[in-house]
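Let me begin by presenting the structure, written as structure tokens, before commenting on it.
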Amino acid sequence: MTEEKEEKKIDETQGESGEKETPSTETKNTGSHMIPKNRFDEVNQKYKDAEKRYKALEKAAQDAETKRLKESDDYKALYEKAQATITELQPKADGAESAQATLKEVLEAQIESIPEAKRSLVPVELPTEKQLAWIARNRSLLSKAQPFDIGAGETGGSGDENVEITDEQKRAAKRVGMSPEDFIKYS
């Protein structure tokens, strides 16, 4: 009966003091149908409570079925029910174990590819999947730094010394103040 009163009270849009609330001019002018926060919270809470009651009733029904089967000495039906559940879940469990073993092997290979000095950076407290994700995100920090190739130590340009110098190259060498041989050597 109190629920009916509360619903009637909310339907009439009465406030806590029992007086009718008048909608604000903003609500009147826009024509929007806004739900008051307290009404939303109330309905949301009722929904959450109903969901909890449903789950509790569902669990109670399963427990009652199990208890009924035990009390009626119908162990065969109970056994068959449990066996069906096991049969359904066993392939999933096997697949999960196989996947976990594979992930561990991949993780070990990834850690082996990290330089010894940087292996301690990998967070070992994380599960295997999260460790692999962490390594993937931080691969650039964990790999060996590749030195920039500046061509040091390479021999260059000491090929054929009988290279003919064109007139254009001679003029260009003269403009920059170099001998034609030096111009060819450095160009």
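For the range 42-131, the fraction of C-alpha pairs more than 17 angstrom apart is 72%. Residues Thr87, Thr128, Thr66 in ascending order of nearby Cβ atoms (within 10 Å, fewest first): Thr87, Thr66, Thr128. With R₀ fixed at 30 Å, the C-beta to C-beta distance from Gln62 to Glu97 puts the FRET efficiency at about 0.65. Residues Ser140, Ser113, arranged from fewest to most other Cβ atoms within 10 angstrom of their Cβ, appear as Ser140, Ser113. Our estimate of slack between Ala77 and Ala172, defined as 0.36 nm per intervening residue step minus the Cα-Cα distance, is 24.0 nm. 3J(HN,Hα) along the range 98-105: 5, 5, 5, 5, 5, 4, 5, 5 Hz, from the Karplus curve 6.51 cos²θ - 1.76 cosθ + 1.60 with θ = phi - 60°, whole Hz, x for Gly and Pro. Counting every other Cβ atom within 10 Å of each residue's Cβ, Val106, Val176 order from fewest to most as Val176, Val106.
Read-outs: derived from the displayed coordinates by stated rules, not from any lab. Being a predicted model, the structure only gives us computed values, none of them experimental. Cβ atoms come from the backbone with ideal geometry, glycine included; neighbour counts cover every protein chain shown.
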